[in-house]
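Accompanying notes for the structure given below.
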Amino acid sequence: MRTSTDFSVAIAGAGLSGLCLAQYLMRSGIDVHVYERDQSPFVRQQGYRIILDRHGLEALRVSLPRPLYRLALATGDEPGGRLRFTDRRLRDAFTITFKVEPDSTRQVDRATLRSILMTGLDGRIHYGRAAAAVDTGGPAGLRLRFTDGASVPATVVVGADGVGSALRAQLMPEADPVNTPMAGIYGRSPLWRDGWSVIPDALRTSGVLSIADRPGRAFFFTSMRFGESPREAFARVVPGAYAPTAHDYVMWGLLLRQDEVPVAARGDLLALRDLAVRNSEDFHPLVRRLVGTGELDTTVLNLFATGSRPRQWAVPRATLMGDAVHVMPPFGAQGGNTALRDAVVLGRRLAEARADGTPVEEVIAGYQDEMVPYAFRAVDTAAGLMRRLTGGAAAPHWVLTRVLPRLHRVTVPEA
Ligand SMILES: Cc1cc2nc3c(=O)[nH]c(=O)nc-3n(C[C@H](O)[C@H](O)[C@H](O)COP(=O)(O)OP(=O)(O)OC[C@H]3O[C@@H](n4cnc5c(N)ncnc54)[C@H](O)[C@@H]3O)c2cc1C
């Protein structure tokens, strides 16, 4: 598609939302460049698997060229599945069942999804460029400035630079995220051992949140089975494009209170894994096996935070999307889906502005007015779920961990 340079968009951050917006704008013929702080695409693990809901899938469907969208579905896990809430011994409390429709919910590998979102953006993603600020003025209207002092001109600047956004304080003053008491130590273990799945058949397509007797402690796990090997699927659909190495795995997370994670352990993978091992001792043996076989370099700590509603938007031609505005605790799987939805809501409005000449300030204000209500509904839902599932309220916790599991059969015997 031909692009025009009379209208240009600079995006800070090559995460899910930044790349999705870049794809959308490319398809609309808009000159777009993405500036990423990391030195290269896969310098660190960016999460493991992600559940896409209808908003996330719809965003990919309208942003990506059709073969790339099909590639996302082909490499993803099978549709449907369940989310089970259990006690610490994996006895069911209750279960949510997802629809078996390819376009309603899909679990995909995050690194594979990022590779798909990067495909076709050659020369438009610039690594090692850490955004620092937006300067107003100049012929294009704005300049995105980097930490090394260099800057680039743009008609519109979009901060998609995640929870620690460097642009947030300037663009959305006095709305920094608020810390929560909870954290997660996440890891990944191989799904197959000697040709056998480490996950019993009864949980084959289930995500499981196992809630400990003690409030504020839980363990989550889910398996990720690639529908088609990314290597083979990429070679078939986009020969030459980079496909990350991939094998089926189990993603898990130990949820605990932030004050249980010593500051000295926070950047230390071995210390984090030891902490996860020690704090999973009361759980089902399957949980302990998963932690014990975790791949060390995939261990990561996430301190849960909650976005604050914006009080004002300070630079009319610049805006934010995704976790930079509305980070939420990972309960309900809505963070990434909301970020992808932002990309399309904003992309659609920018494409219209470019086509019919509506002032950019107006379309950006329209995006912000549309985004804030749905995004903060998701933030409130995620924060509420976190409180209910991990908080100290005695009655709901007692029902979840003591009453409901007694009414259900044993899903996984403690062999
Ligand atoms: C354990 C876990 C599980 C999750 N599971 C799900 C799920 O199942 N479904 C779901 O919808 N969501 C899920 N989420 C949430 C989801 O991962 C995030 O909401 C989503 O990644 C946000 O996308 P984003 O584009 O805003 O930011 P990110 O994807 O975080 O991308 C931000 C990018 O900006 C770059 N950057 C940072 N600072 C700068 C700078 N100054 N200049 C330039 N670049 C910069 C970063 O390197 C990064 O590449 C989960 C989160 C966690 C922690």
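The values are calculated or read from the model by the stated rules, or taken from the named source; none is laboratory data. These figures come from a predicted structure and were not determined experimentally. With ideal geometry, Cβ positions are generated from the backbone for all residues, glycine too; neighbour counts draw on all protein chains shown. Surface accessibility is based on the protein's heavy atoms, side chains included, excluding ligands, DNA and RNA. Shrake-Rupley method; radii C 1.70, N 1.55, O 1.52, S 1.80 Å.
Here are a few things to note about the model shown:
- Filtering the stretch 331-350 to residues that are in contact with a Gly (Cβ under 8 Å, 6 or more places away or on another chain) and surrounded by fewer than 21 Cβ atoms within 10 Å (Cβ to Cβ) leaves only Arg349.
- Candidates Ile51, Ile11: the one that is modelled with pLDDT of 90 or more, within 15 Å of the ligand (Cβ to nearest atom), assigned to a strand (DSSP E or B) and more than 26 Å from Leu350 (Cα to Cα) is Ile51.
- Filter pass, Arg114 being away from the ligand (no atom under 14 Å from the Cβ), within 26 Å of Thr75 (Cα to Cα), out of contact with any Asp or Glu (no Cβ under 8 Å at 6 or more places or on another chain) and among the basic types (Lys, Arg): no
- Taking the numbered list (1) open to solvent by 10 Å² or more (accessible area, probe 1.4 Å); (2) of a type outside the set (Asp, Glu); (3) at pLDDT 95 or above; (4) away from the ligand (no atom under 14 Å from the Cβ) in turn, Tyr367 passes all entries but (1).
- Scope the stretch 129-162; condition within 11 Å of the ligand (Cβ to nearest atom), assigned to a strand (DSSP E or B) and among the small types (Gly, Ala, Ser); matching residues: Ala131, Ala132, Ala133, Gly159
- Number of the exception - Asp356 against (1) touching a strand residue (DSSP E or B) at 6+ places or on another chain (Cβ under 9 Å); (2) surrounded by fewer than 23 Cβ atoms within 10 Å (Cβ to Cβ); (3) not hydrophobic (A, V, I, L, M, F, W, C): (1)
- Some residue of the stretch 51-64 being within 16 Å of Thr205 (Cβ to Cβ) and open to solvent by 20 Å² or more (accessible area, probe 1.4 Å): yes
- Boolean, His33 is touching a strand residue (DSSP E or B) at 6+ places or on another chain (Cβ under 7 Å) and open to solvent by 10 Å² or more (accessible area, probe 1.4 Å): yes
- Scanning the stretch 163-214 for residues that are surrounded by 15 or more Cβ atoms within 10 Å (Cβ to Cβ), among the aliphatic types (A, V, I, L, M) and either under 22 Å from Ala382 (Cβ atoms) or within 12 Å of the ligand (Cβ to nearest atom) (or both) yields a total of 12.
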